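Trainee: Got a structure for you, questions after.
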Amino acid sequence: MNLATHGAALQAAAGHGFLSPSGVEIVFLLVGVVTLGAAVLTVTTRQLVHAALWLVVALGGLAVEYLLLTAEFIAWVQVLIYVGSIVVLLLFGLMLTKAPIGRSPDADSAGRPAALAVAVAAAATLVWVVTDAFRATWIDLDGPAHGSTKVTGQALFRHWVLPFEALSVLLLAALVGAIVLSRKYAAEAGAGPDAGAGTDAGGRAPRTGERQS
Amino acid sequence: MNGALDVVLRLIAVFVVFLAFPLLVGQAEHKVMAHMQGRLGPMHAGGFHGWAQLVADGVKFAQKEDIVPADADRGVFRLAPAVALLPYLLVLIAIPVGPGEGAVGQAIDAGLFYVLAVMGVGVLGSLMAGWASANKFSLLGGLRTAAQLLAYELPMLLAAASVAMAAGTVSLIGVLDAFHWWWVPWQIVGGAVFFVAGLAELQRPPFDMPVADSEIIFGAYTEYTGLRFALFLLAEYAGIVVLSGLTAVLFLGGWHGPFGSDGLGWLWTLLKTAVLAFVVIWLRVSYPRLREDQLQKLAWTVLIPLALAQIALTGVVKVVIS
C-alpha cells in the first residue's frame, strides 16, 4: 500500500538481477526462511504454548522484514501490537485453560485437511496478488527511507483516509460487540461471581467460566 | 572504518551503562529502604554503611545451584530470564542522554514506538517463566502479569501519544529538540499516567501483585534460583532505569535544564532519572499492594480517562498556538 503510492521512488528491476544479490537481499531471504519455518512450527507443534512462542518468532521475523524494507514505523507497530499484546492475550488464554507442559493429545482436530486446503488457497491468492501488484518493482535502499514515520503518515492520511476510517468503524463495532456479549452473560448469571467484572478482562472471563460450568 | 568504530564504542558505552546503572539502583534501594524502614541487615556487610551488601548478594547468587524443576519445560524455563532482560538493553540504546548526535546509542526515527514496543516484549519473559515452571503459584503469577498488562498498556501508549502530538514527531531526539519548559506543566498529567503505567509494567510496588510474596510466594519466579533468578532481578532494576530515563526524556525535558544544558546536559538527564528512580524506591516502602480488581479499576476509570483528557488538552493547545 505504501509502496504503491510512492511508485516514483521505486525503480524498475532493469538493473537488478537475481543472481548477484546484495547483502540486504540475502538477509531478507534468510529471515524469510526463518519466519516461514517458525510459522510452520506454529501450526504443527503439539505443544500449545510452544505454538504461541513460535508465533512470536514468526511475527518478530516479519517485523525484521519490514525493517529491511525500510518500513521502520510499521515494523515497530507490528512488534507493539502483535508480539506485545496479541501474543500476551493468547498466552493469557492458554494459562487460564491450564495448557499442559508437554504434548496435548487433543490438540489435533479432524479438520486438518480442510485447514491445509484453506491455508494453501489463501497463501496462493496472496502471493498471486502481491506479485501481480508489484511485479518487478524495486526499493532503492540507498535513498531516503520510503517507510519512515513521516512518509507512512502522509500516505495514510492523504491517500488512504477512507479505508483507515472504515477500519476504525470496524474496530468500534467489535468493541461494542464485546461489551454486549459480556453484559448479556452477566445479566443471565444474575449475581454470579463474574457479574461485577465489567472490565476488558470481563469480556473474556465469563466465556471461560461458561465453558467450565 | 571510523563509522564502524563509532558504532562499536557507542554500543559498548550503552552496555556498560546497562551493567552499572541497574546495580546502582539496586544498591540505592538497599540503602533507601534500610533508612526508611529502620532495616539493620543491609547496613551491616562490609562495615561502613553496609557498602558490601550488593557484592555479598552477587556472590550468594553465583554460588547457588542452578535448578530446573523435573516437570518444567526445560527450554522455555531456561530461555525466560534472557527474554525478560534483553529488551531493556535494546531500549537503552535509543534513549538520548544529551544534546546532539553523540549522546545516544543509536538514533531511531520512530524511537517512541521502538521503546514502547521493545519494552512490551519483556513481559513475555515473565509469562514464559510462569508457564514453564510447572508450579501453580508460578502459573498464577504469570496470569496476574498478563492481566496487569491488559490494564496498563493502553494508558501508557495514550500518554506517550500525547507527547508525540505535542512535539509533532515520534523520534525521542525530536521530542527533546522541540521541548520548552512550559511543556512540564502542560504534559504533567500524561507524565503521571505514563509513570504509573510504567510502574505496573515493571511489577513494582504498589503494582507487585504478580510477585506478591505473601500470597503466591514469588509469582512467576518462584522456581528460579541462582543466576537465573538474579537475571530477573536485574531485569527489574534495568526496567527502573529505563522507565525513569524515558519519563525524564519524554515529560521532564531530558537534557534541558535551567542552566548549563549545552555542555552538561547529560548531567540533567542523569539527575532527573536518579530522582525518578528514587521515587520508584520510595513508593515501594510506602504504599500497600493493589489487588487485581483495584488495578483494573484504576487503569480503566482513572488512567485512561486522564490520558484521553491529556490528549484532548494537547490537541487544543497545539491548535491554539500554531
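Trainee: Would you work out which of B:Val196, B:Leu19, A:Thr149 lies farthest towards the positive end of the dipole of the protein assembly as shown, given +1 charges on the beta-carbon of Lys and Arg and -1 on that of Asp and Glu, about the Cα centre?
Mentor: Projecting each Cα onto the dipole axis, the largest value belongs to B:Val196.
Trainee: Let me ask something else about it. Tell me, what ³J(HN,Hα) does each residue in the stretch B:195-206 have, in order and in whole Hz, if you take phi through Karplus 6.51 cos²θ - 1.76 cosθ + 1.60 with θ = phi - 60° and put x for Gly and Pro?
Mentor: Ordered by residue, 3J(HN,Hα) equals 5, 5, 4, x, 4, 5, 5, 7, 6, 8, x, x Hz.
Trainee: If I take every Cα pair under 8 Å that is 6 or more residues apart in chain B, average their sequence separation and divide by the length, what percent do I get for the relative contact order?
Mentor: Reported as a whole number, the value is 24 percent.
Trainee: Quick one: of B:Lys64/B:Lys297; A:Lys150/B:Lys297; B:Lys272/B:Lys297; B:Lys60/B:Lys136; A:Lys98/B:Lys297, which pairs are farther than 32 Å apart, Cα to Cα? Each step should come with its number before you reach the end.
Mentor: Numbers: B:Lys64/B:Lys297 40 Å; A:Lys150/B:Lys297 36 Å; B:Lys272/B:Lys297 30 Å; B:Lys60/B:Lys136 27 Å; A:Lys98/B:Lys297 26 Å.
Going by Cα-Cα distance, B:Lys64/B:Lys297; A:Lys150/B:Lys297 fall outside the 32 Å limit.
Trainee: Turning to a different aspect of this structure: Per DSSP helix of 4 or more residues, -39500 (n - 2.57); summed, then divided by the residues of the protein assembly as shown. What does that give at 222 nm, rounded to the nearest 500?
Mentor: So the helix-based figure for the protein assembly as shown works out to -22500 deg cm²/dmol.
Trainee: Sticking with this structure for a sec: What translational diffusion coefficient, to the nearest whole µm²/s, does the stretch B:1-107 have by Stokes-Einstein, given a Kirkwood radius computed over alpha-carbon pairs, a temperature of 20 °C and 1.002 mPa s viscosity?
Mentor: It diffuses with D of about 125 µm²/s by this estimate.
Trainee: Just to verify a number: FRET efficiency for A:Ala123 and B:Phe48, C-beta to C-beta distance, R0 = 51 Å, to 0.05?
Mentor: 0.15
Trainee: Still on this structure: Going from the alpha-carbon gyration tensor of the stretch A:17-88, what semi-axes, largest first and in whole Å, does one get by taking the root of 5 times each eigenvalue? Working shown, then result.
Mentor: Working: eigenvalues 121, 56, 6 Å².
With the √(5λ) rule applied to the stretch A:17-88, the semi-axes are 25, 17, 5 Å.
Trainee: Once the convex hull of the C-alpha atoms of the stretch B:2-321 is built, how many Å³ does it hold per residue, rounded to a whole number?
Mentor: Values: hull volume 46.5 nm³, N = 320.
About 145 Å³ per residue, rounded to a whole number.
Trainee: Let me ask something additional. Quote the charge dipole size of the stretch A:20-142 about the Cα centre in Debye, to the nearest 20; the model charges only the Cβ of Lys and Arg (+1) and of Asp and Glu (-1).
Mentor: Dipole size: approximately 600 debye.
Trainee: Taking +1 at the Cβ of each Lys and Arg and -1 at the Cβ of each Asp and Glu, which of B:Leu157, B:Leu9, B:Val275 sits farthest along the dipole of chain B towards its positive end, judged by Cα position relative to the Cα centre?
Mentor: Positive-end residue among those listed: B:Val275.
Trainee: Tell me, A:Glu165, B:Glu236 in order of fewest to most beta-carbon neighbours within 10 Å? Intermediate results must be reported in sequence, preceding the final value.
Mentor: Numbers: A:Glu165 10, B:Glu236 23.
Placing the least packed residue first, the sequence is A:Glu165, B:Glu236.
Trainee: By what distance, in whole Å, do the Cα atoms of the stretch B:91-220 stretch along each of the three principal axes, largest value first?
Mentor: Projected onto its principal axes, the Cα set of the stretch B:91-220 covers 49, 29, 19 Å.
Trainee: Another question about this same structure. Of A:Ala122, A:Leu68, A:Ile101, which is farthest along the charge dipole of the stretch A:20-142 in the positive direction, counting Lys and Arg as +1 and Asp and Glu as -1 at C-beta?
Mentor: Towards the positive end, the residue furthest out is A:Ile101.
Trainee: Then there's this: Given the peptides B:167-175, B:108-116, B:52-60, B:185-193, arrange them by the average over their residues of other C-beta atoms within 10 Å, most packed first. Please list the in-between numbers first.
Mentor: On the way: B:167-175: 21.6, B:108-116: 24.1, B:52-60: 14.9, B:185-193: 19.8.
Answer by packing, highest mean first, reads B:108-116, B:167-175, B:185-193, B:52-60.
Trainee: Quick one: net charge around B:Ala230, please, counting Lys, Arg +1 and Asp, Glu -1 for every other residue with C-beta under 15 Å from its C-beta.
Mentor: -2
Trainee: With +1 assigned to the C-beta of every Lys and Arg and -1 to the C-beta of every Asp and Glu, and no other charges, what is the dipole magnitude of the protein assembly as shown about the Cα centre in debye, to the nearest 20?
Mentor: Approximately 820 debye in magnitude.
Trainee: Just want to confirm a number: the relative contact order over the stretch A:20-142, from Cα pairs under 8 angstrom separated by 6+ residues, in percent.
Mentor: 25
Trainee: How big is the protein assembly as shown on each of its three principal axes, counting only the C-alpha atoms and giving the largest first in Å?
Mentor: 74, 64, 49
Trainee: If you don't mind, another one. Taking just the C-alpha trace of the stretch A:20-142, give me its Rg and Dmax in Å.
Mentor: 17.0, 51
Trainee: Place a +1 charge on the Cβ of each Lys and Arg in the stretch B:2-321 and a -1 charge on the Cβ of each Asp and Glu, then give the dipole magnitude about the Cα centre in debye, rounded to the nearest 20.
Mentor: For this selection, approximately 420 debye.
Trainee: For the residue pair A:Ser104 and A:Val161, what label-to-label distance in nm results when each label sits 7 Å from Cα along the Cα-to-beta-carbon direction?
Mentor: 4.5
Rule-based calculations on the coordinates, nothing more; no lab input. Quick caveat: nothing in here was measured; it's all calculated off a predicted structure. So basically every Cβ, Gly included, is an ideal-geometry build from the backbone, and we count neighbours across all protein chains shown.
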